[in-house]
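J.: After the structure tokens below, expect a handful of questions from me.
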Ligand code: NAD
Ligand code: UDP
């Protein structure tokens, strides 16, 4: 039975990945320091004898014998990664060094959860993997963007120098159940605000775009990437190419929830990308025709049900 380490396993995406890997019959170890993740996300898996939970910070070395490592540990929401930017850089860079060192020592295959943020505020649209990006190296998002870019560099160099088997995916905005209700990302913010009847906070004029991917589609893409042919290392975009403005997203959330919330326009945060849409042709070609199956309305309904339940329980 394959044994798999998931760093950031108690986070939003990590918890879905652990669940899926366990369902496929693998032995799974979640490693997390619970900065933005919570045991509540994985408590339903704890009865499974093939699931183990480790409290650990990836900025410190860790040793374990596994066949594969999915490296997800890193806060993902701008509010959380800007809370302690130096720690964010350490998590991306030292976390990558520690996990790559482990992969090298135990000859494990390792996948990096990189991000569309490596493209910054992109001047090429939609974004293809060969685009080098437009990142402000000293802006408030740089702790995350440059940390993730450095991690990509570490990954390719561990492969070139040490022959480590690597895979890099660039994840575009992903949403779904188990997002932290207060993590400040747009989908969770709008849903929680609509359900509570509070104002919907639109940053800027709301004309900036994002392409939203439901978490199950991402997890499918991640696993296909881990199992892809040995000489395909990526980076590969994993995202849903359907692009929406934040005003369109707000309207969808209002329509589905039936909320009477009003729109409230607030200043646009610095360096907020104007547009973002993945070109997924490489993923379709290399990952057996992978493409997102769940469209925004359906994914939003599932996510709204989750938050509705959470709010009913008073969480
Ligand atoms: P999340 O914040 O829910 O999960 C991150 C997890 O990492 C949390 O459980 C957190 O406690 C843990 N963590 C943070 N720092 C750590 C450290 N130093 N040591 C150990 N654990 C640590 O975020 P998410 O949305 O699940 O994102 C998971 C990964 O996917 C991240 O690497 C993120 O950069 C990447 N990603 C996510 C998105 C998205 O839209 N959700 C987009 C692009 C990339
Ligand atoms: N956003 C917004 N209202 C909010 C939270 C975010 O209008 O309450 C905007 C934000 O300015 C950005 C987009 O929604 O343009 C996506 O933000 P998020 O933090 O979810 O992700 P990222 O900017 O990292 O793509």
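Every number in this text was worked out from the coordinates using simple rules, so none of it is lab data. Since this is a predicted model, take the numbers as computed values, not measurements. Because the Cβ atoms are built from the backbone with ideal geometry, glycine has one as well, and the counts that use them run over all protein chains shown.
J.: Quick one: in region 153-214, what % of C-alpha pairs are over 13 Å apart?
T.: Working: 1371 of 1891 pairs.
Value for region 153-214 (Cα pairs over 13 Å): 73 percent.
J.: Oh, and also: Please state the relative contact order of region 190-315 as a whole percent: Cα pairs under 8 Å, 6+ residues apart? Walk me through the numbers on the way to the answer.
T.: Working: 165 pairs, mean separation 51.4, N = 126.
So the answer I get is 41 percent.
J.: Give the relative contact order (percent, whole number) for region 32-116; include only Cα pairs under 8 Å separated by 6+ residues.
T.: Working: 78 pairs, mean separation 30.3, N = 85.
Dividing the mean separation by the residue count of region 32-116 yields 36 percent.
J.: Could you work out the Kirkwood radius for region 54-186, taking every pair of different alpha carbons, averaging 1/r and inverting it, reported in Å?
T.: Numbers: mean 1/r = 0.0645 Å⁻¹.
It works out to 15.5 Å.
J.: List the relative contact order of region 128-234 as a percent without decimals, with contacts defined as Cα pairs under 8 Å and 6+ residues apart. Working shown, then result.
T.: Values: 61 pairs, mean separation 30.1, N = 107.
Contact order relative to length: 28 percent.
J.: Once the Cα atoms of region 197-238 are picked out, what are the Rg and Dmax in Å?
T.: Answer for region 197-238, Rg first and Dmax second: 16.8, 51 Å.
J.: Hey, could you get me the Stokes-Einstein D for region 74-143, Kirkwood radius over alpha-carbon pairs, 20 °C and 1.002 mPa s, rounded to whole µm² s⁻¹? Please list the in-between numbers first.
T.: Values: Rh = 13.7 Å.
D, rounded to a whole number, is 156 µm²/s.
J.: At 7 Å along the Cα-to-beta-carbon direction for both residue 82 and residue 262, put a label point, then send me their distance in nm to one decimal.
T.: Taking the two extended label points, one gets 2.6 nm.
J.: Based on the mean of other Cβ atoms within 10 Å per residue, sort peptides 201-210, 6-15 so the most packed one is first. Please list the in-between numbers first.
T.: On the way: 201-210: 16.7, 6-15: 27.8.
Most protected by this proxy first, the peptides run 6-15, 201-210.
J.: Return one quarter of the surface area of the convex hull spanned by the alpha-carbon atoms of the chain, equal to its mean projected area, in nm².
T.: Details: hull surface 60.1 nm².
Mean projected area for the chain: 15.0 nm², to one decimal.
J.: Under a point spin-label approximation (7 Å from Cα along Cα-to-Cβ), what is the residue 285-residue 150 distance to one decimal in nm?
T.: The answer from the label model is 3.3 nm.
J.: If you average the alpha carbon positions of region 202-254 and of region 62-88, how far apart do those two centres end up, in angstrom?
T.: Rounded to whole Å, the Cα centres lie 19 Å apart.
J.: Just for the chain, what percent of DSSP beta bridges are antiparallel, to the closest 5? List each step's numbers first, then the result.
T.: Details: 3 of 38 bridges.
So the antiparallel bridges amount to about 10 percent of the total.
J.: Of the DSSP beta bridges with both residues in region 117-267, give the percent that are antiparallel, rounding to the nearest 5. Could you put the intermediate results ahead of the total?
T.: Working: 3 of 13 bridges.
In region 117-267, DSSP labels about 25 percent of beta bridges as antiparallel.
J.: With the crude spin-label approximation of a point 7 Å out along Cα→Cβ, what separation in nm comes out for residue 125 versus residue 305?
T.: Using points 7 Å along Cα→Cβ, the separation is 3.5 nm.
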